[in-house]
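Asks: Here it is, the structure, as structure tokens.
Only the coordinates and a few stated rules stand behind these numbers; no lab work does. Keep in mind the model is a prediction, meaning the values are calculated, not measured. Cβ atoms come from the backbone with ideal geometry, glycine included; neighbour counts cover every protein chain shown.
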Amino acid sequence: MRLKTLAATALAGAAVLFTGAASAQQSFGKAEDAIKYRQSAFAIAGHHFSALGAMANNKAPYDAKAAAEHADVLAAVANLPWAAFGPGTEGGKAKPAIWKEKAQFDEKQQQFHTEAGKLVAAAKSGDLDKLKAAFGPAAQTCKSCHDAYKNK
């Protein structure tokens, strides 16, 4: 039940944030605010992504309902961190290359959105084989971006 409450809260918060996505970049008073925002969004997405991965990799029992709930949260927060990578938000674990190679960073972001969308659909299908098939490519987009743009 707690996961369902978290999912509902995340979805509600995301709905509010999506309405202001275009102006979100301007709402960060300091780079530190943007860094905290994107790190928080990535932490939430990572938690739910990991839960799906555990099921896809047979490290946790498959539960179709839980997979769909994790997918709902992932879908809600997957778009959030990107607004916090605007000019003047450098720092944290983000490499300076993000701001120097904006087109390449945006391409990796799009690849993530595409594969995460497939993962969400697979998780909501109730079919473990579909979840397994979608998880690897989605995880690869995360790894690719982390390798290129995240300091260890």
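Asks: Which order do the peptides 139-147, 70-78, 118-126 come out in when sorted by mean C-beta neighbours inside 10 angstrom, highest first?
Replies: In descending order of packing, they fall as 70-78, 118-126, 139-147.
Asks: I want the local charge near P96. Using Cβ-Cβ distances under 14 Å, sum +1 for each Lys or Arg and -1 for each Asp or Glu among the other residues.
Replies: Result for the neighbourhood of P96: +3.
Asks: Across every pair of different alpha-carbon atoms, what Kirkwood hydrodynamic radius in Å does segment 25-86 reach? Provide the component values of the computation, followed by the final result.
Replies: Numbers: mean 1/r = 0.0793 Å⁻¹.
One over the average 1/r among Cα pairs gives 12.6 Å for segment 25-86.
Asks: Applying a 10 Å radius around every beta-carbon, put 33-39, 80-86 in order of their mean neighbour count, most first.
Replies: Result, highest mean first: 80-86, 33-39.
Asks: Can you give me the convex hull volume of the Cα atoms of segment 24-152, divided per residue and expressed in Å³?
Replies: Cα-based convex hull of segment 24-152, divided per residue, equals 93 Å³.
Asks: Once the piece of chain linking A121 and K143 is laid out straight, how much longer is it, given 0.36 nm per residue of separation minus the C-alpha distance between them? Write out the running numbers ahead of the final one.
Replies: Values: separation 22, 0.36 × 22 = 7.92 nm, distance 2.06 nm.
Using 0.36 nm per residue and subtracting the Cα-Cα distance, I get 5.9 nm.
Asks: Once amide H atoms are built 1.01 Å from N in the peptide plane, which residues 5 or more positions from A94, or in another chain, come under 5 Å H to H?
Replies: Distant-sequence amide H within range of A94: N151.
Asks: Return the distance in nm (one decimal) between the two label points of a simple spin-label model at A60 and A43, each offset 7 Å from Cα along Cα→Cβ.
Replies: Inter-label distance under the simple model: 1.8 nm.
Asks: Given a Förster distance of 25 angstrom, what is the FRET efficiency for D106 paired with A68, based on the Cβ-Cβ distance and rounded to 0.05?
Replies: E between D106 and A68, to the nearest 0.05, is 0.25.
Asks: While we're here: What lysines sit close enough to K143 to cross-link, taking a C-alpha to C-alpha distance under 25 Å and skipping anything fewer than 8 places away on the same chain?
Replies: K36, K59, K93, K95, K100, K102, K108, K118, K124, K130, K132, K152
Asks: Give me the orientation-averaged projected area of the Cα convex hull of segment 58-121, in nm², one decimal.
Replies: Mean shadow area of the hull around the Cα atoms is 5.6 nm².
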